[in-house]
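Everything below concerns the one structure shown next.
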Amino acid sequence: MKFSDLSYPQINQLTDKVIVLPIAAIEQHGPHLGVATDTDLVTWIAQKAEQNLEEDILLCPTLAFGSSHHHLAFGGTISLTINTYTLVIVELVESMLKSGFRKIVLLNGHGGNVTPVKQALAVLGNKYDSDLSPNIALVTYWETAGRVFAGQAPMESPALSHACEYETSMMLHIFPNKVWMEKAERPVRPESNGYIPWEDDEPNRGVTLFKQTQFISSNGSSGEPQLANAEKGKHLLENAAASITDFLKSFKNWPLSKDLSKK
């Protein structure tokens, strides 16, 4: 069921449902993908889950703009700063809480959103846990789908990154008109130092060094986008949609948290 198709009296009668807000980005995806890639992918997955669970969830329009300042050097990026994005998420969720919803899912399609959204969840928890005790979850589709996005056949690259084999394959499946494969190539990346995974074929050893995209990629992409094809994309998207559907089925039945310190 779509939030945008309903009047407010109808919405007020549906607060027992899980409300789902897809969050994404408008940002450069190298020379071979459109800037709406993250938005297109997470919207498709959200809509597929909504079709599977029409009676259980209420699907909001996708929040297309995300936290993407690290991509600004390549152009085509429309971004909110980390602090602003955190506040945006807090205020959108507060709107849902004031409408009566207590089970809220932020369905994420952009890696740069994760840190500010986690901060938003901390703010919301501090503010509302004692009175409303809502369940507010951040769910990132490639993490929920697990090994499918971590090198499992038919994929040839070891993990999803950015404008890579994975994202390019998914876009070839659903929006091939937004893919220019003749421009897809592995970018120049910094030399390996044994600790920082500049590329998706290096293991993470627990060390983080954050850099703007132009310092870690010559063309704004990563991975091996030239390995992409539509069949791989179909495999990825079907598994992503199934994993999100399974999560939402489970989440709907989670009880609201109780204060265990009170006897």
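Annotations for the structure displayed:
- C-alpha center-to-center spacing [region 148-218, region 46-79] in angstrom: 20 Å
- All lysines inside 28 Å of K258 as judged from Cα atoms, apart from same-chain residues fewer than 8 positions distant: K17, K98, K103, K118, K127, K249
- Amide H within-cut-off set for H162, under 5 Å, with H built and near neighbours excluded: S222
- Global form of region 30-83, assessed from the alpha-carbon gyration tensor, a/c cut-off 1.5: oblate
- Stretchable slack from E185 to S95, in nm (0.36 nm times residue separation minus alpha-carbon distance): 28.1 nm
- Global geometry of region 1-99, whether rounded, prolate or oblate, following the gyration tensor of its Cα atoms and the 1.5 cut on a/c: oblate
- Most mobile listed residue (D40, D56, D129) in the chain, GNM with C-alpha springs under 10 Å: D129
- Hz values of 3J(HN,Hα) by residue in region 162-171 - Karplus curve (6.51, -1.76, 1.60), Gly and Pro given as x: 9, 6, 9, 4, 6, 4, 5, 4, 5, 5
- Accessible carbon and sulfur surface of region 11-121 relative to its total accessible area, %, 1.4 Å: 53 percent
- Extension gain, A150 to E231, is 27.5 nm, computed as 0.36 nm per intervening residue step minus the present C-alpha separation.
- Degrees separating the helix 37-52 axis from the principal Cα axis of the chain, which is the longest one: 40 degrees
- Helices in the chain, meaning DSSP H runs of at least 4 residues, each add -39500 (n - 2.57). Divided by all residues, the mean residue ellipticity at 222 nm is -11000 deg cm²/dmol.
- Solvent-accessible ranking of Y85, Y195, Y128, largest area first, probe 1.4 Å: Y195, Y128, Y85
- Accessible area (Å², per residue) of the chain, counting only protein heavy atoms and a probe of 1.4 Å: 49 Å²
- The GluC sites (Glu not before Pro) found in region 138-182 that occupy coil by DSSP, while having at most 13 further C-beta atoms within 10 Å, are E156.
- Residues F215, F101 ordered from highest to lowest accessible area at a 1.4 Å probe: F215, F101.
- The chain: C-alpha gyration tensor shape, a/c 1.5 cut-off, then a/b vs b/c: prolate
- Under Karplus coefficients 6.51, -1.76 and 1.60, residue-wise ³J(HN,Hα) of region 14-29 in Hz, glycine/proline x: 10, 6, 7, 7, 7, 9, 10, 10, x, 10, 8, 6, 10, 7, 4, 10
- FRET efficiency estimate (nearest 0.05) - Cβ-Cβ, Y195 to S130, R0 41 angstrom: 0.50
The values are calculated or read from the model by the stated rules, or taken from the named source; none is laboratory data. All figures in this text were calculated on a predicted structure; none of them were measured in a lab. Positions of Cβ are backbone-derived with ideal geometry, glycine not excepted, and every protein chain shown enters the neighbour counts. Surface accessibility is based on the protein's heavy atoms, side chains included, excluding ligands, DNA and RNA. Shrake-Rupley method; radii C 1.70, N 1.55, O 1.52, S 1.80 Å.
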